[in-house]
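Undergrad: First the structure, which I've put down as structure tokens, then a few questions once you've had a look.
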Amino acid sequence: KIMSLLLIMEALDSGKITLDDTVSASEHAVSMGGSQIWLEVGETMTVNELLKAVAIGSANDATVALGEYIAGSEEAFVNMMNERAAQLGMENTHFVNCNGLDADGHLTTAYDIALMSRELITKHPEIEKYSMIWMENITHKTNKGTSEFGLSNTNKLVRHYPYATGLKTGSTSKAKFCISATARKDGMDLIAVIMAAPDSKMRVKDATTLLNYGFGKCTKYVDKEKGGLKAVKVDGGTKEKVR
């Protein structure tokens, strides 16, 4: 979902799509299962609403619908994901789908997740507006009428960790409970990736422990001496002094 979100944000930035565009759900997108917002075939939603469904609720149907809208098919979108992974130096990642459901050959590592997370939060800081929403309703409009669907964030750090800025959880029977947790304190951003935790409480606990460790060990250094350094004398060089 992080790579899907990255490609969605890049498509928005390049003007290929806009937040107000209307996306129609295909039969393929609707058939995903797992976490979903229960889209119906032919139902339309804006990119903005589908983006919320992906970022907050991890909705598989919304992810595939957006992937198809951007690339024409999920397969073409997955090709884009793998190309982007290669550009980011994600050497141990191979995507088979865009929603993260278990599939043969669908693999990644904690380090690679950190790489794409960093790209997403540094190049597209506006993702924070979505990943930090705790609860929100989106509206279904179908032939049967209009109904509200409640999204609640699967990332409990959003509510319970004061420095949290996002980013994304994931869980499947094979991968267990995973999270890429981003946080900011004193102007410094950190990313903690937890994979294969036995349950959702442990992934939150481990992410919190890692982030606290990082904030405890590291500080952001800012040089307050604006004047620069004085020149120093060189012995035996081609120049008498260097800055």
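The values are calculated or read from the model by the stated rules, or taken from the named source; none is laboratory data. Computed from a predicted model, the values in this text were never measured in an experiment. Here Cβ is always computed from backbone atoms with ideal geometry, including for glycine, and neighbour counts include all displayed protein chains. For the accessible areas, the whole protein counts, side chains as well, though only heavy atoms, and no ligand, DNA or RNA atoms are used. Shrake-Rupley method; radii C 1.70, N 1.55, O 1.52, S 1.80 Å.
Undergrad: Read through the labelled values (1) 24.9, 79; (2) 21.3, 86; (3) 16.7, 47 and report the label of the one computed as Rg and Dmax of the Cα atoms in Å from the structure.
TA: It is the one labelled (2).
Undergrad: Sticking with this structure for a sec: Please list, ordered by chain and number, the residues whose modelled amide H lies under 5 Å from the amide H of LEU151; skip anything fewer than 5 residues away on the same chain.
TA: Here GLU136, ASN137, ILE138 satisfy the definition.
Undergrad: Just report the Cα centroid separation between the range 67-86 and the range 205-243, whole Å.
TA: The distance from the Cα centre of the range 67-86 to that of the range 205-243 comes to 40 Å.
Undergrad: Could you list the trypsin sites (Lys or Arg not before Pro) in the range 114-173 that lie in coil according to DSSP, counting only those with at most 11 other Cβ atoms within 10 Å of their Cβ?
TA: Numbers: sites: ARG118, LYS123, LYS129, LYS141, LYS144, LYS156, ARG159, LYS168; in loops: LYS144, LYS156.
Passing both the DSSP loop test and the Cβ count: LYS144.
Undergrad: Just need the relative contact order of the chain here, percent rounded to a whole number, with Cα pairs under 8 Å and 6+ apart.
TA: Values: 405 pairs, mean separation 33.5, N = 243.
Relative contact order comes out at 14 percent.
Undergrad: What's the magnitude of the charge dipole for the range 44-120 around its Cα centre, counting Lys and Arg as +1 and Asp and Glu as -1 at the beta-carbon? Answer in Debye, nearest 20. Don't skip to the answer; put the middle values down first.
TA: Details: 3 positive and 11 negative charges, 59 e Å.
It comes to approximately 280 debye.
Undergrad: Shifting gears a bit: Say we join alpha carbon atoms closer than 10 Å with springs in a Gaussian network model of the chain; which of ALA103, ALA164, ALA175 then has the biggest fluctuation?
TA: Its mean-square fluctuation being the largest, the pick is ALA103.
Undergrad: Quick one: 3J(HN,Hα) in Hz for the range 127-143, Karplus 6.51/-1.76/1.60 with θ = phi - 60°, rounded, Gly and Pro as x.
TA: For the range 127-143, the Karplus curve yields 4, 4, 4, 8, 6, 9, 6, 7, 9, 7, 9, 10, 10, 8, 10, 10, 4 Hz.
Undergrad: Dipole of the range 95-241 (Lys/Arg Cβ +1, Asp/Glu Cβ -1, origin at the Cα centre): which of ILE121, TRP134, THR238 lies farthest to the positive side?
TA: THR238
Undergrad: Let me ask another. Charges only on Cβ, +1 for Lys and Arg, -1 for Asp and Glu: so what's the dipole of the range 1-145 about the Cα centre, in debye to the nearest 20?
TA: Here the size comes out at about 300 debye.
Undergrad: Just to confirm, what accessible area per residue do you get for the range 9-127 at 1.4 Å probe, in whole Å²?
TA: Details: 5200 Å² over 119 residues.
Each residue of the range 9-127 exposes 44 Å² on average to a 1.4 Å probe.
Undergrad: Keeping the other protein chains in place, figure out the carbon and sulfur percent of the accessible area of the chain, with a 1.4 Å probe. Don't jump to the answer; show the numbers that get you there.
TA: Details: 6940 of 13300 Å².
About 52 percent, which is the carbon plus sulfur part of the accessible surface.
Undergrad: Ok, one more. Using +1 on the beta carbon of Lys and Arg, -1 on that of Asp and Glu, and nothing else charged, what's the dipole of the chain about the Cα centre, debye to 20? Walk me through the numbers before you get to the answer.
TA: Numbers: 28 positive and 30 negative charges, 321 e Å.
Dipole magnitude for the chain comes out near 1540 debye.
Undergrad: Something else about it: Connecting C-alpha atoms closer than 10 Å in a GNM of the chain, tell me which of LYS52, LYS185, LYS233 has the biggest fluctuation.
TA: LYS233
Undergrad: Here is a follow-up. Which residue, ASP21, ASP104, ASP223, tops the fluctuation ranking in a GNM of the chain built on C-alpha contacts under 10 Å?
TA: ASP223
Undergrad: Moving on to the next point. Over the range 65-184, what relative contact order in percent results from Cα pairs under 8 Å that are six or more residues apart?
TA: Numbers: 152 pairs, mean separation 19.0, N = 120.
Answer for the range 65-184 is 16 percent.
Undergrad: Got a sec? Charge dipole of the range 155-243, +1 on Cβ for Lys and Arg, -1 for Asp and Glu; which of LEU157, LEU229, ALA192 is way out at the positive end?
TA: Among LEU157, LEU229, ALA192, the one farthest towards the positive end of the dipole of the range 155-243 is LEU157.
Undergrad: Something else about it: Based on DSSP H runs of at least 4 residues, each adding -39500 (n - 2.57), what is the mean residue ellipticity at 222 nm of the chain after dividing by all its residues, to the nearest 500 deg cm²/dmol?
TA: On the way: 9 runs with 95 residues, N = 243.
My calculation for the chain gives -11500 deg cm²/dmol from helical runs alone.
Undergrad: Averaged per residue, what accessible surface does the range 182-231 expose to a 1.4 Å probe, in Å²?
TA: I get 74 Å² per residue for the range 182-231.
Undergrad: Tell me the GluC sites (Glu not before Pro) within the range 10-103 that lie in a loop according to DSSP and have at most 11 other beta-carbon atoms within 10 Å. Can you show the working numbers first?
TA: Details: sites: GLU10, GLU27, GLU40, GLU43, GLU49, GLU68, GLU74, GLU75, GLU83, GLU91; in loops: GLU40, GLU43, GLU91.
Answer by residue number: GLU91.
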